[in-house]
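The block underneath contains the structure these notes are about, expressed in structure tokens.
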Amino acid sequence: MSTFYEVAEKKLQVLANGSVTTPKGFTAGGMHCGIKRKRKDLGWLYSEVPAEAAGVYTTNLFQAAPLIVTKESVAKEGKLQGIIVNSGKANTCTGEQGMLDAYEMRSQFTKAIGIKEHYAAVVSTGLIGDLLPMYKINSGITQIPDAMTSNAPTDFEKAILTTDTFTKNVAVQLEINGKQISIGGVAKGSGMIHPNMATMLGFITTDANIHHQDLHQALKEITNETFNCISVDGDSSTNDMVLAMANGLAGNEPLTKDHVDWSTFVDGLKFVCESLSKQIARDGEGATKLVEVQVNGVASDQAARNIAKTVISSNLVKTAIHGEDPNWGRIVVAVGYSGETLDPHQLTVAIGSVKVVNQGLPLSFNEEEAKKELEKEHVTLYIDFHQGNGKGNAWGCDLSYEYVRINASYRT
């Protein structure tokens, strides 16, 4: 079963059962190595051949040891062939020993699967401040070669989770040069999610033939419009990254910005990143709703995204939506402190299909109809200034009592 969307005048096929291993030549798996009590906590992703690689990383000043090691790997040659991920402990604020452990993870993993050391990325997520139980991780790594005889992307999806309540994946297929190209993605993220990365990991794979510099530019621009436009609670973390791997096994002509099908590829990549972003936002800790803010009619797309991110990050807006209270004043207040130059007299606001503000003034509206819009699992807020062509979206969730409970006892 699949769904078709028109993208760049081509057919984009969204696969119902697609995964990060849908593109040719990729396999993945996961296991329980003992970091957590029972759940899977060690995962790996592998390409049959070295893949062109790109990464986008957290802007947090405190960056985790594995993130630093991964940056080094990608910078060395612009290629990756394997990714090793542990969940449960973040290996952040762990000093020199944390760096040694991250390097050891990379070394043990690459020896086990027989690839160059700098062809591996190392990723950790979980509790900050604890050293990794390396004897458990190394024991798990020794089991990977035997496990690689089968492909188990769902095990990888589970192994990277922390407080997530569901796995997040998507895959699409499209045509370039008469060749079928696949793009797959998997992500984790539930709490400490805020615009400009978050406590989230994203792994994108494709069998397209594309140089790492072009892949990096596309990923960087798309991340700014997708992963950097989600918010759960206003916190950004230390381990967050999005990695992309392109192994070229589809056999298309090399993709560049001048290629006739460049926009087709970019739109497919954006679809994957946007889908994962929405899944992360919907799975916000304690969330009951996915909230989308759509902004139009401002000076630029960047201004629109800034406004949308400000509204989606407002705790007052989030709590009103959780309480299904059509308190549009909170939306207006958030727009006003977005930092953008705007004409308040041109503002239009709608909660779903119910318009509540027009030309900066309140409208008489049906409270029950507005409440029904807020009762939906996917709530959309529309903001328009009718002043330009700039448009942008952001995604988040409501803020619930359950969020407080989860984070009040995170370590216990």
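The values are calculated or read from the model by the stated rules, or taken from the named source; none is laboratory data. All values reported here derive from a predicted model rather than from experimental measurement. Virtual Cβ from ideal backbone geometry, glycine too; neighbours counted across all protein chains shown. When the accessible area is computed, the model is the full protein with side chains, heavy atoms only, and any ligands, DNA or RNA have been set aside. Shrake-Rupley method; radii C 1.70, N 1.55, O 1.52, S 1.80 Å.
In the list Tyr57, Tyr135, which residue meets the criterion of being more than 20 Å from the chain's Cα centre (by Cα), surrounded by fewer than 24 Cβ atoms within 10 Å (Cβ to Cβ) and of a type in the set (Phe, Trp, Tyr)? Lay out the reasoning, then the answer.
Numbers: Tyr57 fails: more than 20 Å from the chain's Cα centre (by Cα).
Checking each option against the conditions leaves just Tyr135.
Please indicate, with yes or no, whether at least one residue in the stretch 329-336 is under 18 Å from Ala303 (Cβ atoms) and either in contact (Cβ under 8 Å) with a residue 60 or more places away in the chain or touching a His at 6+ places or on another chain (Cβ under 8 Å) (or both).
no
Determine the pairs where a residue that is in contact (Cβ under 8 Å) with a residue 40 or more places away in the chain, located within the stretch 260-280, has a partner that is open to solvent by less than 40 Å² (accessible area, probe 1.4 Å) and of a type in the set (Lys, Arg) with Cβ atoms under 6 Å apart, the partner being 6 or more residues away or on another chain.
What qualifies is Leu276/Lys168; Gln279/Lys168.
State whether one or more residues within the stretch 101-114 are farther than 23 Å from Gly185 by Cα, in contact (Cβ under 8 Å) with a residue 60 or more places away in the chain and either among the basic types (Lys, Arg) or touching a His at 6+ places or on another chain (Cβ under 7 Å) (or both).
no
Regarding the stretch 331-338, can at least one residue be identified that is farther than 23 Å from Lys220 by Cα, open to solvent by 20 Å² or more (accessible area, probe 1.4 Å) and aliphatic (A, V, I, L, M)?
Yes, there is a match, as at least one residue in the stretch 331-338 is farther than 23 Å from Lys220 by Cα, open to solvent by 20 Å² or more (accessible area, probe 1.4 Å) and aliphatic (A, V, I, L, M).
Take Leu363 and decide whether it is among the aliphatic types (A, V, I, L, M), more than 14 Å from Lys289 (Cα to Cα) and buried (at least 20 other Cβ atoms within 10 Å of the Cβ).
Numbers: among the aliphatic types (A, V, I, L, M): yes; more than 14 Å from Lys289 (Cα to Cα): yes; buried (at least 20 other Cβ atoms within 10 Å of the Cβ): no.
No; evaluated as a whole, the condition is false for this residue.
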